[in-house]
Each structure stands twice: as structure tokens, then as C-alpha cells.
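In what follows, a single structure is set out as C-alpha cells and then discussed.
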Amino acid sequence: MSELIFLDLEWNTTFYRNRKGERLPFHELIEVAAIKVEAGTGAMLDSFHSYVHPKASRKIDSRTYRLLPYAKAELQALLGGAPGFLDLGPAFLRWCGRAPVFVEWGSNDMEVLLQNFRFHRLSFDADWTCEYFDLQYIYQKLCSGDFSCQPSLEKAVTELEMPTDLDFHSAWNDTYYTVMLYQIFLDRFEDFALFHRPAKQKGPAPIWELDLGDFDTRWACKNRREVAQPLCPLCGQPLTAGRWVRTTPTEQVLRCRCKEHRRLYMAVTAQRSGAQWSGKAAIYKDAGPIASRYRESCRKLQEKDPQRAPA
């Protein structure tokens, strides 16, 4: 991990109707800013910045105007001459590279970025993967010790007595401040290294899981006997299975069936591990979010190509 990408986004919350007619919220990007940084020194290497012309809603919410440091006419002019996300999204991915490591303040920006790719039906290359770190949590862990609330970027900058010459809530300015905080951590803490927030358990725990090891290609881990010929963890009988479905850039799911224990789900994940790929497998009885992602991915496959969709 020699290079990091510090990321900050601004968005306008609007609503749209899906194919079922349901009215759903959507955080539509209106500004993207990122700075490439050398991990060991904090030196800034390159930058990406653009406003985004909105498509889902041409009306900017009043709360967005209150939050951002722009006059109404100024923001409208910036967005009016900006590229749309259909052009900006692929350009940003090319700038990031195939395996970017992102650093953000908080944990919302990556979710919103991926949501915009899904909304505009933009896909990722088969070997694209990413990792991201939450500098807000690292600040709480190292500096404040207070986990009862999430400190704003402005609060952290002020408490560390950093210069505040730039307005907050501009994606470019906030990215710059986040890089400055990272540089302070490098100076203040000996052998400082980024670390993740402990994972929260979402949904039921797996009834079986296995670290598959490292492989030269991303999904080679699926050739392991435990994955290619799965057995029911509850009774040991062979499972009948359909086709693999890719549910996220790093996850594939297989819906299986046991004669005694009925429907099960096997999930395989693959993450970068240096020059190789590290694979893990798990089987779930009550799959919760995994089953939801599987069904949603199947629905999209059915819409795109009925013959490719799993039965």
C-alpha cells in the first residue's frame, strides 16, 4: 500500500421512482474531489476534482444550499457547466486505477459513490477492487477517545489547532484538510499505520466458514474442493447448487439446497493480498443481507438477459 487516495464528495438528496413505482431516496453527486498521497510520507502526488451536472433532479434541495459554501447562483453555474456522471464516473475510475485504497472522513462517501454507479448502470471491470479507511474513526481512537458521537472534520481540524483558511463542506477543501490530518498523524505517532474500524456483525452468523488461502487470480479460490463440491455443514450431505451470481465487486454467491436442511447460501469473497488474491468462503442458513443481495443481482440479470439469470 504505497499510494492512498483521499476522497470527499458532496451530493444533493433527491427522490426517484424505481420500476415498481416505489419512491426512493438518492444521494446524487454534485462534486467529486480526490488527492493521491504517498502513504509513507503524506506527500501529495496528483489530484482529481470536478463538479457533476445532476440528472436525477435538476432542483437542488434547500438544505444542500445551506450546507455548501456557495451562493445559489454560483452553485447553479458550477453545476450547469459540469460533466454528467456518465462521463465523470468512468474517467474517475481510470484515474484511480484498478485497486485503489481510499481514505475518507466518515464512512458514507464510498457508499454514495457506489450508489451513483448503480443508479447510472455503470459497471466495473471484472478485476476492479478497492479498500477504504475511515480517518474519522482513527481520529476518535488516537486523539479524542470519544465514541459517543461522530466528530465533524471541522471539529477535528480545530482541536488539532490546524489553520482554517479554507471553507468547510467543499469537497476539494475537505479533501485537503483530511490529507493535512493524515500528515499530522504521521508526525505525531511513531510507526503510524492506517487501521480499520472493527467489523459489525450484520445479519446471522455463518454456519460454516473457511479461509481459502491466496491465489494468482481473483476467483481461482472457487476451484477449492470445499467450494466446487460443497457439503451441508449440518449433515455432511452433498449440496445441489445453481449458478454463481456476482453480488458485489468482491463477492459471489451460490444458492444451494440440502435435502434435509433445504435452502442454503454459499458466499465467496476475494480481496487483494499483495500481488495475489485472498479468498474466503462461508455458508449461511438464514442469509439475511446476503440473500437480499443475491435476489437483487438475479433480478438485474433477468432484466438484462433472461437466459443468463439463475433459475
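The values are calculated or read from the model by the stated rules, or taken from the named source; none is laboratory data. Being a predicted model, the structure only gives us computed values, none of them experimental. So basically every Cβ, Gly included, is an ideal-geometry build from the backbone, and we count neighbours across all protein chains shown. In case anyone asks, the SASA skips ligands and DNA or RNA and just uses the protein heavy atoms, side chains included. Shrake-Rupley method; radii C 1.70, N 1.55, O 1.52, S 1.80 Å.
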Lys/Arg +1, Asp/Glu -1 at C-beta; the chain dipole; positive extreme among Ala82, Gln237, Asn108: Gln237
For the range 81-159 versus the range 202-281, the gap between their alpha-carbon centres in whole angstrom: 28
Under 27 Å from Lys222, Cα to Cα: lysines that are on another chain or at least 8 residues apart: Lys200, Lys202, Lys259, Lys280, Lys285, Lys300, Lys304
Of Asp134, Asp165, Asp46, the one that fluctuates the most in a GNM where the chain has Cα springs shorter than 10 Å: Asp165
Charged-residue dipole, Cβ positions (Lys, Arg, Asp, Glu), the chain about Cα centre, Debye nearest 20: 2520
Which label in [x] 5, 20, 24, 21, 17, 10, 4, 0; [y] 5, 22, 29, 25, 14, 4, 0; [z] 6, 26, 33, 22, 10, 3, 0, 0 gives the computed P(r) over Cα pairs in 10 Å bins from 0, in percent: [y]
Protein accessible area in the range 62-216, 1.4 Å probe - carbon and sulfur %: 49
GNM top mover of Thr247, Thr164, Thr175 - the chain, alpha-carbon springs below 10 Å: Thr164
Most mobile listed residue (Phe192, Phe26, Phe102) in the chain, GNM with C-alpha springs under 10 Å: Phe192
Per residue accessible area of the range 154-261, 1.4 Å probe, in Å²: 61
Solvent-accessible area per residue for the range 15-124 (1.4 angstrom probe, square angstrom): 53
Surface share of carbon and sulfur [accessible, 1.4 angstrom probe, percent] for the range 246-307: 45
Degrees between helix 171-188 axis and first principal axis of the chain (Cα, 0 to 90, nearest 10): 80
Under-5 Å amide H pairs with His169, H placed in peptide plane, nonlocal only: Asp174
